[in-house]
Amino acid sequence: SVKGGSRISKAGNAYLRSALYMPALSAARHDENAREFRERLVVRGKTKLQANVAIMRKYLTGLWTVYRQCQAFDSDKLFNFSEKKLEH
């Protein structure tokens, strides 16, 4: 863009966006699965912001599943890569 860097879209729920932004940054830093997911997206040409928004979406769907199924959160299930399946 001519006016600077990209921003998160304002479509959707603003409260969810603001509630998930910092946890997604923290996950990208401290959760090995989220960090690997982010790195894969950046290597594929996505910006860091787009990768963080993708982590936000993953966490949102994961939290909804945890709520619906009354299960403990497991990021291994959330970031299930086909390459990891092939290695094991």
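The values are calculated or read from the model by the stated rules, or taken from the named source; none is laboratory data. Given the structure is predicted, the values throughout are model-derived calculations rather than measurements. Calculation scope for accessible area: heavy atoms of the full protein, side chains included, ligands and nucleic acids excluded. Shrake-Rupley method; radii C 1.70, N 1.55, O 1.52, S 1.80 Å.
Counting lysine pairs in the chain whose alpha carbons fall under 25 angstrom apart, excluding pairs fewer than 8 residues apart on the same chain, gives 16. Can you name the helices of the chain, as whole DSSP H runs, whose Cα span along the helix axis is 18 Å or more and whose Kyte-Doolittle mean is not below -0.5? The answer, listed by residue number, is 14-30, 48-69.
Of the solvent-accessible surface of the stretch 14-72, computed with a 1.4 Å probe and all protein chains present, 57% belongs to carbon and sulfur.
Across the stretch 14-72 the C-alpha pair distances fall into 10 Å bins from zero in the proportions 25, 50, 23, 2 percent.
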